[in-house]
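A.B. asks: Structure provided below as structure tokens; questions to follow.
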Amino acid sequence: EKTASELSQLIQKDSEGEIDLLFCDEAGFSLEPCIPYAWQPVNQTIEVPSSKSKRLNVLGFIKKDCQFDSFVFEGSITSSSVIACFEQMANQVKKETVIVIDNAPIHTSKEFNKKLEQWKEKNITIFRLPKYSPELNIIEILWRKIKYEWLPFKAYDSFTCLKEELFNVLSNIGETYKIAFT
């Protein structure tokens, strides 16, 4: 596939230090746990509380070496909030940077698209993935790790616990919490 080949070339340029390649996406977290299964002693049941709650939405940028930046919102992420995060990232750019994103409506809005030329002038290029191709965005692996492995059961005790545990994980990605992207 053409997109996978282009992405592979960008990854190569990143590994050679020619560019910075960032993968961006959003994920939501609430008191409805994402636990597909867990090991438990025989004849014992592990119970994880579940309830409706506010939602923490995280917009993240990750590099293949696990450098990670995130922005957390209580409530919805809009095109305006995505733009604000991209503006903050633009202020940190030191060399040509390519940001990989999907085609979510907040990434394809008129408001977002108006900023593309300004970001280009700041040395940022947006690389859009085709629809229905999350496997090409490595940040999806990060979201899966957080939801299914790194957040402890106690995170679902209350919204305060969820917030504390999520912030702990987010602030320790690349140190305590690492992924070896291949």
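The values are calculated or read from the model by the stated rules, or taken from the named source; none is laboratory data. Keep in mind that this is a model prediction, so the values were computed, not measured. Side chains included, ligands, DNA and RNA excluded: accessible areas come from the protein's heavy atoms. Shrake-Rupley method; radii C 1.70, N 1.55, O 1.52, S 1.80 Å.
A.B. asks: Could you give the angle, 0 to 90 degrees to the nearest 10, between helix 2-15's Cα long axis and the longest principal axis of the Cα atoms of the chain?
C.D. replies: 90 degrees
A.B. asks: Near Lys2, which aspartates and glutamates are there with a Cα under 16 Å away, not counting those fewer than 8 places off in the same chain?
C.D. replies: The reachable aspartates and glutamates, counting only those whose Cα sits under 16 Å from Lys2, are Asp102, Glu135.
A.B. asks: With θ set to phi - 60° and the Karplus curve 6.51 cos²θ - 1.76 cosθ + 1.60, what are the ³J(HN,Hα) couplings of the stretch 162-177 in order, to the nearest whole Hz, using x for Gly and Pro?
C.D. replies: These are the phi-based 3J(HN,Hα) values: 4, 4, 4, 5, 5, 4, 4, 5, 4, 6, 10, 5, x, 10, 5, 10 Hz.
A.B. asks: Same structure, new question: On the full set of protein chains, 1.4 Å probe, figure out the accessible area of Lys54 and give it in Å² to the nearest 10.
C.D. replies: In the full protein context, Lys54 sits at about 120 Å².
A.B. asks: Now for a different question. If the reach is capped at under 24 angstrom between alpha carbons, list the lysines near Lys145, excluding any in the same chain fewer than eight residues apart.
C.D. replies: Lys52, Lys54, Lys63, Lys64, Lys131, Lys154, Lys163, Lys178
A.B. asks: Just the accessible area per residue of the chain, please: how many Å² with a 1.4 Å probe?
C.D. replies: On the way: 10460 Å² over 182 residues.
I get 57 Å² per residue for the chain.
A.B. asks: Another question, then. Write down the percent of antiparallel bridges among all DSSP beta bridges whose residues are both part of the stretch 25-182, to the nearest 5. Working shown, then result.
C.D. replies: On the way: 12 of 18 bridges.
Roughly 65 percent of the DSSP beta bridges within the stretch 25-182 come out antiparallel.
A.B. asks: Can you run phi through the Karplus equation (6.51, -1.76, 1.60; θ = phi - 60°) for the stretch 122-128 and list ³J(HN,Hα) in whole Hz, with x for Gly and Pro?
C.D. replies: 8, 6, 10, 10, 9, 10, 8
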